[in-house]
Each structure stands twice: as structure tokens, then as C-alpha cells.
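To start, the structure itself, in C-alpha cells.
The values are calculated or read from the model by the stated rules, or taken from the named source; none is laboratory data. Treat the numbers as computed from the prediction; the structure is a model and nothing was measured. Backbone-built Cβ (ideal geometry, glycine too); neighbour counts: all protein chains shown. With ligands, DNA and RNA removed, areas are computed over all heavy atoms of the protein, side chains included. Shrake-Rupley method; radii C 1.70, N 1.55, O 1.52, S 1.80 Å.
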Amino acid sequence: MQESALVGNHREANFLYDFAKHGGAIGDILVGPKVLPPQAIITSGIIRVVTAPVGSGATVAIKAVGSEDILAATAITSLTLDALIDVVPVGTAATSILTTAYTQLTFTIATAALTAGKIHVGLRYFVSITS
């Protein structure tokens, strides 16, 4: 009996922003590696705050392809130790994200620089069949 083409197609990609490694300057910070392949459809995920970010009035946004497509700009007062936060894609076609190239995440720090913090992003995706 042949196995369904749907078996085992979902994959996971994990990213870790770490102030000690990436810094916390205002602007875009690339967090790699580029583990999301072309034609990946990101369907869901979760964010865990490993170490609460520090930076008076700072916000954090996260994107894969377009502005704030993983996490809309969020005040760090909401990013408390061990907080679990939903990502924007929630399993619907309207919120899913399609990559067109190998992709890493971009963390956008705004309003104030960060002086500490560690944030894990776990994304669930599958690769679209194109031929």
C-alpha cells in the first residue's frame, strides 16, 4: 500500500535572537541561518521569551518575508520571561506566508535599543509542490 503524499510534509524551523550574539541596536537584525527554503508555506508557530528583553520603551517586530508577518511591533512589556506568544500565521490561507528564496528572520528593534533579551521563534511550514 502506497503512503499518502501528505505524510511527513510538515517541517519546523527554529530561530533564536540572543542579545549577547546579535546586539540590540535600533533597526533590523538578521537571525539565521536561512533555513526556510524557497516555496515554504509558513502556517503557524509560537514565540517563547527565554530572557525578557530590556530597553525602556522598546518594541520588537519579526518578519520572514514582509513587514511584521511573524510578529507585529510589540512593546517589550508584553515580552516577559517565559511568555508564549502566537505568531501571525494561524493555519489559514489568509495568514500563511510563502517564501520565494532561502529565508531567515528579521527582528526589528524600534523606539529604543535593547540591552538584554533572548527570544525563540518556532515556525511550522511545508514546502509547496511546484512540479
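Looking across the range 54-99, the residues that are open to solvent by less than 70 Å² (accessible area, probe 1.4 Å), closer than 16 Å to residue 15 by Cα and part of a strand (DSSP E or B) come down to 60, 61, 62, 63, 71, 85. So is residue 59 free of Cβ contacts under 8 Å to residues at least 12 places away in the same chain and within 26 Å of residue 115 (Cα to Cα) or not? No: the conditions fail for residue 59.
Of all residues being among the small types (Gly, Ala, Ser) and surrounded by fewer than 19 Cβ atoms within 10 Å (Cβ to Cβ) in the range 100-130, which is nearest to the chain's Cα centre (by Cα)? Just the residue, please.
It comes out as 122.
Would you mind stating whether residue 13 is in contact with a Ser or Thr (Cβ under 6 Å, 6 or more places away or on another chain), at pLDDT 95 or above and open to solvent by less than 40 Å² (accessible area, probe 1.4 Å)? Against the criterion (in contact with a Ser or Thr (Cβ under 6 Å, 6 or more places away or on another chain), at pLDDT 95 or above and open to solvent by less than 40 Å² (accessible area, probe 1.4 Å)), residue 13 does not qualify.
Pairs meeting the criteria (first residue in the range 67-84 and within 19 Å of residue 31 (Cα to Cα), second residue among the aromatic types (Phe, Trp, Tyr) and open to solvent by less than 70 Å² (accessible area, probe 1.4 Å), beta carbons under 9 Å, at least 6 apart or on different chains) are 71/107.
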